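Visitor: My questions will all concern the structure given below.
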Amino acid sequence: MPLIVVSGLPTSGKTTRAKQLHDYLFARIAETQPPKYRLHLISDDSLSISRAVYDLSPDTVRLHTRSANSSEKDARAALYAAVKRVLSDKDFVILDGLNYIKGWRYQLHCEAKAMRTPNCILRVACQVDQARQVNEERLRAGQAAEQTDGLAEPYEPANWDNLVFRYEEPNPMTRWDSPLFAVLWDDDAAQTKRTFDDIWDAMAGEGRKAVKPNQ
Ligand code: ADP
Ligand code: MG
């Protein structure tokens with residue numbers, strides 16, 4: 001049914017939280033028999049999109065590319081197509097990624113609206129220094145990390161800095177960034193579950209139905 005757009009700085013824990021949300025929703029959906037929804041997790045990793053597509057440094061952009069950000073535009077088109085392919089009133093879609101451009105989030109919001117399904121943002125909030133540390137650890141681990149964990153591809157430092165600089169903070173005053181939910185780096189399992197419960201209530205509407213008889 002709904003589209004949940006994960007957004008956050010590079011290496012801020014987005015994939016970790018997206019997987020936790022996936023497990024949570026999987027269990028919630030399984031509670032109803034037969035299940036009412038299907039569940040999808042779409043990410044750069046699931047579409048084999050490299051971190052390098054976000055790199056705008058002139059010295060790393062290949063000569064034959066159309067423009068510095070053409071590879072990122074292609075990546076967004078692939079993500080958009082993947083979302084569009086599955087989004088329906090019976091499908092929960094988690095889009096795990098930077099999702100840092102407000103115009104892109106607006107586009108996703110319009111797509112959900114066209115499918116008559118709700119959407120929300122899950123902001124994975126993390127101190128810049130904490131996120132930087134994760135990327136630096138991954139850079140140090142280098143090839144070894146890539147071999148043991150395909151998801152651990154680090155960003156080049158200039159690319160990482162630039163993405164932090166370009167990040168457009170979700171604004172809950174806009175309709176495409178609301179409702180806006182947030183998980184913090186230090187949120188424990190209980191707090192995270194509360195946030196996921198809120199997402200479920202807002203997206204699947206069960207919470208609203210449950211309170212109606214008492215009103
Ligand atoms: P992103 O998808 O934003 O690049 P990841 O989810 O891959 O980030 O997380 C980066 C690293 O930080 C992983 O090694 C993960 O285990 C660790 N990590 C992520 N979130 C947390 C957290 N809330 N607390 C502690 N470690 C975390
Ligand atoms: Mg990730």
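Visitor: Please give the FRET efficiency for L180 paired with S48, using the beta carbon to beta carbon distance and R0 = 41 Å, rounded to the nearest 0.05.
Guide: Efficiency, from the Cβ-Cβ distance: 0.90.
Visitor: For Q130 and Q33, what does the FRET efficiency come to when R0 = 41 Å and r is the distance between their Cβ atoms, rounded to the nearest 0.05?
Guide: With a Förster radius of 41 Å, E is 0.50.
Visitor: Please get the size of the charge dipole for the chain, origin at its Cα centre, with Cβ charges of +1 on Lys and Arg and -1 on Asp and Glu, quoted in debye to the nearest 20.
Guide: Dipole about the Cα centre, nearest 20: 1040 debye.
Visitor: I'm checking a number: the convex hull volume of the Cα atoms of the chain, normalised per residue, in Å³. What is it?
Guide: It comes to 143 Å³ per residue, whole-number rounded.
Visitor: Expected output is a single nm value to one decimal: the length gained when fully extending between A81 and T192, i.e. 0.36 nm times separation in residues minus the C-alpha distance. What is it?
Guide: Additional length available on full extension: 37.0 nm.
Each value in this text was obtained by applying a stated rule to the coordinates, not by laboratory testing. Since the model is a prediction, treat every value here as computed from it, not as a measurement. Neighbour counts are summed over all protein chains in view; Cβ atoms, including those assigned to glycine, are modelled from backbone coordinates with ideal geometry.
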